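K.L.:
Sending over a structure as structure tokens; questions will come in a sec.
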Amino acid sequence: MDAIQNLLAIFGPATATFAIFEFSEQSLAREVKERLTVWLKAFDPDRLTLPHAATEYFQYVFGENHFSIKCLVRSLLFSLAAGVLFAALHFWKDDAWKAWAKAYGDGTSLPYTILYLQQIVIIGPIAAYFYLYKTRLILTALDGGWITRVVALPFVLMLDFVIGYILFRGSFLVMYWLLSPGGPISIFDAVSLRLAFEPRNIEHWLHFRTMDSALFYAAMIPSFWLWIYVAAVFATRLLLRGKSAIRILMFTLNVDEKPFRSVGILAAAFVGLFSILLFGIGSIIG
């Protein structure tokens, strides 16, 4: 069982990443792909520009106006599907299903079931909708030239994660309080975000140990995609200007005819290597 989990943890995200880029290759207009090809062959090592294809793909999936019925419905459906997947991973990874099964055997599983359904079906998707707006703003900043230097990208990445954590955690706590006003979370805890910054809670979130942390990572999928995309397109640019062996490799990827697929191969490789790195660090930490 552990071997299967490890293989899924490494190859699952990489395969899903490539599938997203392949979907882009098949669904976006030829003009969009041609603009990406032109961008990949241009080069400015200092100035940061991002191909408009990222914005076009984001708008293709979620719509141009965030506060529209189209965006709301698509965001909720996407978040619900991702939330179910990550909730299942949480149950599998931390053996949370054993605690639920024990409660079911004791006849005390109903409160846990209601809480999980509230988090997966209602709280998580709504919080993810607000989180998605942050991703849209980051993408707008990158695409619109607000951020002009490559060296600024790591700081933007950290800011993206911190703001996303505060935004998702805050909206999650407030909605949890609204659905359970007499529960363990007070309105002060929800509004002040006191619980969000407790070291124990942060540790649980970072290590995927609670249902709300699983839903947080599900909500982060658009951000993950954006940063993987940014890394992959810049890596593709650099490889196109590499030595002959690397150029031969890029020729086999067919940047002219299949730019999204070519970038997707590198993106999947990055995700696979990152998964291996996380797995190795987790094994060392124990």
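K.L.:
Report yes if some residue within the stretch 107-120 is modelled with pLDDT of 85 or more and surrounded by 14 or more Cβ atoms within 10 Å (Cβ to Cβ); otherwise report no.
P.N.:
The answer is yes, given that some residue of the stretch 107-120 is modelled with pLDDT of 85 or more and surrounded by 14 or more Cβ atoms within 10 Å (Cβ to Cβ).
K.L.:
Mind checking which pairs have a first residue in the stretch 247-262 that is part of a helix (DSSP H, G or I) and surrounded by 12 or more Cβ atoms within 10 Å (Cβ to Cβ) and a second that is hydroxyl-bearing (Ser, Thr, Tyr) and at pLDDT 80 or above, Cβ under 6 Å, 6 or more apart or different chains?
P.N.:
Every condition considered, the pairs that remain are Leu253/Ser262; Pro259/Thr37; Phe260/Ser24.
K.L.:
Further, regarding this structure: For a quick check of your reading: which helices (runs of 4 or more DSSP H) sit entirely within the stretch 142-245 and have at least 2 residues that are at pLDDT 80 or above?
P.N.:
The qualifying helices (runs of 4 or more DSSP H) are 153-179, 211-219, 221-240.
The values are calculated or read from the model by the stated rules, or taken from the named source; none is laboratory data. Computed from a predicted structure; not experimentally measured. For neighbour counting, all protein chains shown are included, and Cβ atoms are generated from backbone atoms with ideal geometry for every residue, glycine included.
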